[in-house]
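The values are calculated or read from the model by the stated rules, or taken from the named source; none is laboratory data. All of these numbers come straight from a predicted model, not from anything done at the bench. With ideal geometry, Cβ positions are generated from the backbone for all residues, glycine too; neighbour counts draw on all protein chains shown. These accessible areas exclude ligands, DNA and RNA; they are computed on the full protein's heavy atoms, side chains included. Shrake-Rupley method; radii C 1.70, N 1.55, O 1.52, S 1.80 Å.
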Amino acid sequence: MSATRVVTRFAPSPTGYMHIGNLRTALYAYLLARHHGGTFILRIEDTDRQRLVADATKVILDTLRITGLSYDEGPGVGGPHGPYVQSERLDIYRRYALELIEKGAAYYCFCAKERQEEPEPGEALGGGYDRHCRYLSKEEVEARLAAGMPYVIRQKMPLDGTTVFYDEVFGEIATENKELQDQVLLKADGYPTYNFCHVVDDYLMGVTHVLRGTEYLTSTPKYALLYDSFGWPRPHYVHLPLMMGRNGDGSVSKLSKRHGSVSFADLLADGFLPQAILNYIALLGWCPKDSQTEFYSLAELAELFTVDGISKSPSVFDFDKLLWFNGEYIRRLPFPEFAQAIKPFLRTPLPDFVDLDRALALLHGRLDKLSLIDEKMAFFVQVPPYETALFCNKKNKVTEEQARGYLAAALPVLEGLTEWEGAALYQAMTELAARLDCKPAALLWCLRIAVSGLLVTPGGATEIMAVIGRDESLLRVRAALDKLS
RNA sequence: GGCCCGUUGGUCAAGCGGUUAAGACACCGCCCUUUCACGGCGGUAACGGGAGUUCGAUUCUCCCACGGGUCACCA
């Protein structure tokens, strides 16, 4: 497919849950690598010791396993460029940071952290760090190091000129170097910043294509400069349009925790299928050549995936559409798999008279989310309280009076049935309708209300009766007759 | 606020100088039907504004407006 080797990586921070935007980045990186027969790497970026969350790495691994985004190198599977966890590579970063100082592309900074504080919300930025230590003499630096003063290492940005880089999605982007701050590469605690270690790792691990959200677009010149300083070839940059969420006030912003259930785990718990989620987010920011919308496998997606199908503009996450995809995928599931998948969501114990498989078969085609199963199943367990007015049906011109008549006529027929099964029930009832000289639909309508207590049900009267069985059905019809008297 | 990026129906989006401006979700209608759903058919709905370039701009350029992102010893 491509003459050049393609190596991509997914490099999340174990700082909480796997967000859906993050998952999409992983998906695209995976697809690009697979499309070209390349390598997909997983790297854990745990250099922020404050934000570290205990089980977050497990969440990441679980997510990749569940979604089938298998990686060729990374924690657990190893590879030629390990370790793949940044906290285990500290000596490497220090070595390269020192190399940069030697090359005159970085410098020690002994200034207090307060010298460059985050600007107050709403306040215009003053200008950041004033580069005080950039101009320290070699002797001053030596003296302070010898005195054991704490320090950070900063990148020395060009003071004038322009840095240009090429992005595969956005094209050429030029930045005035005077806009770039002397960012910290190595923190006082000895850990590197993302700004530094991701560059070192990407180079060392042979990453050829860097995929990430556009929130990194404005800082990419700094990374490109880092590559240049080392004399390394820059990777291909592929910046992905952001996934947006709607805020309470109707505005949109970067999808994050405040928009509700947008973590992969939350979606699973809410009854979404992994493949449906993947299918939906694949299309948020990317479109295949022929605008195909449904994909049957990751392999099929990988075959179609190309960078030129990635869009530039941010997209709003639409739960309704995800829901539709989910329904599609649920319906597509072979019944045994559906029955298996629905299990964890069946929380209400079912009475003996309910034939579970038959009930599930009825529900299979009518669920958008697995978590809806209990709610849809409830009337099988127990008839909800209902008004006799439910029996009235305009289209079939049924009155309560007629309903009583129909049910009274149906009861003995049902009681006399030897075979309690859908087709037999249906046949018996249509025959009865002919005898009563009424439309089958009218009779079946009344029967359906009687055995369900609901206006809208999954399946018709005879199907429901087949599910709940003879005794319960007769019980419900008699109860309905009482109600109507 | 500076800088960067974006702007096709409510949403996701195709389009890459000449089209009746695709398709999907949602919505509406009809059909199918043992209610609903599924399925089938059909419908409503879009190129932010203004200048250029051109025989011709949704497509190219510029300006404006709007939206978003970013300015950390977070990633």
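Applying 0.36 nm per residue to the separation of residue A:149 and residue A:265 and subtracting their alpha-carbon distance, the gain on full extension is 37.3 nm.
The Cα-based radius of gyration and maximum Cα-Cα distance (Dmax) for the stretch A:1-73 are 12.9, 43 Å.
Extent along the principal axes, Cα only, for the stretch A:162-290: 49, 44, 33 Å, with the longest axis given first.
The charge dipole of the stretch A:1-118, taken about the Cα centre with unit charges on the Cβ atoms of Lys, Arg (+1) and Asp, Glu (-1), comes to about 260 debye, rounded to the nearest 20.
Taken about its Cα centre, chain A carries a charge dipole of about 240 debye when Lys and Arg each add +1 at the Cβ and Asp and Glu each add -1 at the Cβ.
Just the number, please: carbon plus sulfur as a percent of the accessible area of chain A, 1.4 Å probe, no ligands or DNA/RNA counted.
On the way: 12110 of 23070 Å².
After summing per-atom areas, the C and S share lands at 52 percent.
Among A:153, A:181, A:198, whose Cα projects farthest towards the positive end of the dipole of the stretch A:139-203, with charges put on the beta-carbon of Lys, Arg (+1) and Asp, Glu (-1)? Checked the options; the winner is A:153. Taken along its principal axes, the alpha carbon cloud of the stretch A:343-388 reaches lengths of 32, 24, 17 Å, longest axis first. Backbone geometry of the stretch A:466-481 corresponds, through the Karplus equation with coefficients 6.51, -1.76 and 1.60 at θ = phi - 60°, to 3J(HN,Hα) couplings of 5, 5, 8, x, 4, 4, 5, 4, 5, 4, 6, 5, 5, 4, 5, 5 Hz, x marking Gly and Pro.
In terms of its C-alpha gyration tensor, the stretch A:245-383 comes out oblate, because a/c is 1.5 or above while a/b does not outweigh b/c. Seen from every direction in turn and averaged, the convex hull around the alpha carbons of the stretch A:222-291 projects onto 8.0 nm². Where the alpha-carbon atoms of the stretch A:372-431 are placed on the principal axes, they occupy 35, 28, 19 Å, in descending order.
So what is the diffusion coefficient of the stretch A:326-485 in µm² per second by Stokes-Einstein at 20 °C and 1.002 mPa s, using a Kirkwood Rh over Cα pairs? So the translational diffusion coefficient is about 132 µm²/s. Size estimate for the stretch A:269-343 follows the Kirkwood approach: the inverse of mean 1/r over distinct Cα pairs works out to 13.4 Å.
Percent of Cα pairs in the stretch A:320-409 per distance bin of 10 Å, from zero to the largest separation: 14, 35, 25, 22, 4. Relative to the Cα centre, the charge distribution of the stretch A:384-485, modelled as +1 at Lys and Arg Cβ and -1 at Asp and Glu Cβ, gives a dipole magnitude of about 360 debye. The GluC sites (Glu not before Pro) of the stretch A:392-453 that DSSP puts in a loop, and whose beta carbon has at most 15 other beta carbons within 10 Å, are A:419, A:421. Once both labels are positioned 7 Å from their Cα atoms along Cα-to-Cβ, the gap between residue A:388 and residue A:431 label points is 3.1 nm. Based on Cα contacts under 8 Å between residues 6+ apart, chain A shows a relative contact order of 12 percent.
Normalised radius of gyration for the stretch A:396-485, please: alpha carbon Rg relative to 2.2 N^0.38 Å, two decimal places.
0.95
When only alpha carbons of the stretch A:24-172 are considered, Rg and Dmax amount to 20.4, 56 Å. In chain A, the longest principal axis of the Cα atoms and the axis of helix A:20-35 are about 80 degrees apart. The stretch A:374-434 and the stretch A:174-222 have Cα centres lying 69 Å from one another.
Pairs spanning more than 19 Å between alpha-carbon atoms, out of A:156/A:187; A:58/A:369; A:394/A:439; A:321/A:369; A:178/A:312; A:103/A:222: A:58/A:369; A:178/A:312. Residues whose amide H falls under 5 Å from that of residue A:286, counting only those 5 or more places apart or on a different chain, are A:311, with hydrogens built in the peptide plane. Among A:481, A:26, A:170, whose Cα lies farthest out toward the positive end of the dipole of chain A, if unit charges sit on the beta carbon of Lys, Arg (+1) and Asp, Glu (-1)? The residue sitting most towards the positive pole is A:481.
Taken over the Cα atoms of chain A, the convex hull encloses 194 Å³ per residue. Among A:411, A:389, A:464, whose Cα lies farthest out toward the positive end of the dipole of the stretch A:350-485, if unit charges sit on the beta carbon of Lys, Arg (+1) and Asp, Glu (-1)? Value: A:389.
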